[in-house]
Amino acid sequence: MKPLQLFDPASSTYTYLLFDPVTREALIIDPVDQQLERDLAVLRDQGLKLRWTVETHAHADHITSAGQLAEHTGAQTVAPEACGIATAARQLKDGDTLRVGGEQITVIHTPGHTAGSVSYLWREHLFTGDTLLINGCGRTDFQSGSAQALYKSITQRLFTLPDSTMVWPGHDYQGRTHSTIAAEKAGNVRIAGKSLAEFVATMSQLHLPRPARMDEALPANQNSGLGRGRQDADGACLLQVQPAQAYAGNVSPELACQWWQAGQAVLIDVRSDAEREWVGFVPGAVALAWKQWPGMDMNPQFDEALKAVVPTGGKAVMLCRSGVRSIAAAKRATELGLEAYNILEGFEGDPDAEARRGTRGGWRFRGLPWRQN
Ligand SMILES: [Fe+2]
């Protein structure tokens with residue numbers, strides 16, 4: 001049993017997929033936003049049901065797709081407790097375990113690269129994030145990093161695992177894919193055979209440049225990757241036109257409601273039946289699920305049903321939970337010849353610091369018509 005190792009060339013980030021071969025339940029570690037479509041395709045091709053999206057830490061060099069994957073697949077977002085990723089549905093501390101089918105993954109708190117960083121152990125496979133890299137280690141010069149803490153984490157927590165343990169790093173810049181605890185203990189140039197003082201001196205002399213996407217990545221990752229561009233939906237900006245023309249544009253809930261009430265657009269609620277039933281719905285909106293629970297399988301009737309309610313060339317506004325599935329639905333509707341818009345923030349809006357929805361934007365929060373059975 002090996003993990004599936006996926007690579008993002010732009011940030012040299014490794015993403016890992018682990019699954020139970022019997023139940024096909026899966027867990028993904030450190031997914032990257034720019035690889036969302038690839039990751040969804042891999043899940044589909046392998047017949048996997050994504051149960052958890054997991055972070056090793058709050059990344060500074062890329063943006064996670066955790067929030068988007070959760071919306072597309074029904075997975076739950078998971079993050080280390082000390083990373084301040086408040087939107088994650090589940091917060092992990094040292095010794096906690098995650099289950100996927102019959103498989104178990106254990107959390108090892110390994111502070112140093114950041115104070116909240118963790119590694120994950122699955123069978124004989126160790127996922128080290130930026131704590132331990134192949135013949136290297138993560139930097140400790142920003143984001144609550146500490147060379148002293150990193151030394152302790154690597155030498156006392158990771159190097160005490162069996163020598164044969166496979167090491168799967170969060171990055172590699174030279175095309176190497178994995179290593180072992182024995183190899184790193186013997187030959188890691190930063191830490192093998194080094195004293196704490198020597199290690200701290202090495203780390204303080206690295207003088208690395210700032211990661212290119214840091215200013216954008218940190219706030220976004222504190223929000224499971226859902227933070228970007230959302231502020232544009234507030235205030236005066238009611239409509240953003242998509243430069244790529246993949247769909248007509250993004251509209252605020254207020255503008256979408258205006259168009260709908262004036263008879264200028266058909267309002268399509270692409271959430272599942274279960275969501276509308278339990279969370280609330282918009283009376284008069286067309287209920288047309290993009291995906292259905294359980295398992296969030298694609299609705300095979302989507303195209304036909306959409307064509308039946310919106311004439312060719314007609315205008316449709318797409319509503320989902322938080323504005324992720326509605327983008328996918330708007331793209332598809334555009335391919336089918338409609339003028340399709342995504343409604344920003346969705347019905348429930350983004351999660352708050354307690355991972356609860358309802359106070360950060362959304363159709364319901366903005367006082368637009370809705371009801372609950
Ligand atoms: Fe990092």
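Could you tell me whether L121 is assigned to a strand (DSSP E or B) and in the same structural domain as G193 (by TED's automatic domain parsing)? Against the criterion (assigned to a strand (DSSP E or B) and in the same structural domain as G193 (by TED's automatic domain parsing)), L121 qualifies. The sole residue among M318, M296 that is of a type in the set (A, V, I, L, M) and either more than 26 Å from K49 (Cα to Cα) or surrounded by 23 or more Cβ atoms within 10 Å (Cβ to Cβ) (or both) is M318. Within the range 143-171, can you find the residues that are assigned to a loop (DSSP other than H, G, I, E, B) and not small (G, A, S)? Scanning the range 143-171 gives Q143, F159, T160, L161, P162, D163, T165. Of T15, T56, all but one fail to be at pLDDT 95 or above, crowded, with 21+ Cβ neighbours inside 10 Å and farther than 22 Å from V324 by Cβ; the exception is T56. Does the range 300-316 contain at least one residue that is hydrophobic (A, V, I, L, M, F, W, C), touching a Lys or Arg at 6+ places or on another chain (Cβ under 9 Å) and in a loop (DSSP other than H, G, I, E, B)? Checked the range 300-316: no residue is hydrophobic (A, V, I, L, M, F, W, C), touching a Lys or Arg at 6+ places or on another chain (Cβ under 9 Å) and in a loop (DSSP other than H, G, I, E, B). Candidates A88, A82: the one that is in the same structural domain as W52 (by TED's automatic domain parsing), among the hydrophobic types (A, V, I, L, M, F, W, C) and part of a loop (DSSP other than H, G, I, E, B) is A88. Which residue is farthest from the chain's Cα centre (by Cα), if the candidates are limited to the range 108-159 and must be under 18 Å from A82 (Cβ atoms), of a type in the set (S, T, Y) and surrounded by fewer than 21 Cβ atoms within 10 Å (Cβ to Cβ)? Within the range 108-159, the match that is farthest from the chain's Cα centre (by Cα) is S146.
A search for C-beta distances below 6 Å between a residue of the range 124-153 that is closer than 15 Å to H57 by Cα and outside the structural domain of Q174 (by TED's automatic domain parsing) and any residue that is more than 10 Å from the ligand (Cβ to nearest atom) and among the basic types (K, R), counting only pairs 6+ apart in sequence or on different chains, returns nothing. Quick one: would you say T128 is in contact with an Asp or Glu (Cβ under 7 Å, 6 or more places away or on another chain), among the polar types (S, T, N, Q) and either within 14 Å of the ligand (Cβ to nearest atom) or modelled with pLDDT of 95 or more (or both)? In short, no. Selection of the range 162-176 for residues being under 29 Å from the mean Cα position of the chain (by Cα) and either at pLDDT 95 or above or within 16 Å of the ligand (Cβ to nearest atom) (or both) yields T165, M166, V167, W168, P169, G170, H171, D172, Y173. There is no residue in the range 90-106 that is among the hydroxyl-bearing types (S, T, Y), closer than 19 Å to V324 by Cβ and either within 16 Å of the ligand (Cβ to nearest atom) or modelled with pLDDT of 95 or more (or both).
Quick grid of which residues meet (1) more than 21 Å from A66 (Cα to Cα); (2) not in a helix (DSSP H, G or I):
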{"position": "I327", "(1), (2)": "no, no"}
{"position": "G337", "(1), (2)": "yes, yes"}
{"position": "G346", "(1), (2)": "no, yes"}
{"position": "G358", "(1), (2)": "no, yes"}
{"position": "R364", "(1), (2)": "yes, yes"}
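If the condition is being assigned to a loop (DSSP other than H, G, I, E, B) and not β-branched (V, I, T), then the range 253-279 contributes A262, G263, Q264, A265, R271, S272.
The set of residues in the range 172-213 being in a loop (DSSP other than H, G, I, E, B), surrounded by 13 or more Cβ atoms within 10 Å (Cβ to Cβ), in contact (Cβ under 8 Å) with a residue 60 or more places away in the chain and in contact with an Asp or Glu (Cβ under 8 Å, 6 or more places away or on another chain) consists of P211, A212, R213. For the range 82-100, the set of residues classified as surrounded by fewer than 20 Cβ atoms within 10 Å (Cβ to Cβ) and in contact (Cβ under 8 Å) with a residue 60 or more places away in the chain consists of G84, A86, A89, listed by residue number. Among the residues of the range 22-52, those identified as under 30 Å from T114 (Cα atoms), in contact (Cβ under 8 Å) with a residue 60 or more places away in the chain and not in a loop (DSSP other than H, G, I, E, B) are E25, A26, L27, I29, D33.
Here P111 meets the list (1) more than 16 Å from the ligand (Cβ to nearest atom); (2) modelled with pLDDT of 95 or more; (3) part of a loop (DSSP other than H, G, I, E, B) almost entirely, failing just condition (1). Among the residues making up the range 37-78, none is within 16 Å of the ligand (Cβ to nearest atom) and either of a type in the set (K, R) or over 19 Å from L218 (Cβ atoms) (or both). Candidates D94, D163: the one that is in contact with a strand residue (DSSP E or B) (Cβ under 6 Å, 6 or more places away or on another chain) and among the charged types (D, E, K, R) is D94.
The values are calculated or read from the model by the stated rules, or taken from the named source; none is laboratory data. Computed from a prediction, not measured in an experiment: that's the story for all the values here. Here the Cβ is made from the backbone with ideal geometry for all residues, glycine too, and neighbour counts use every protein chain on show.
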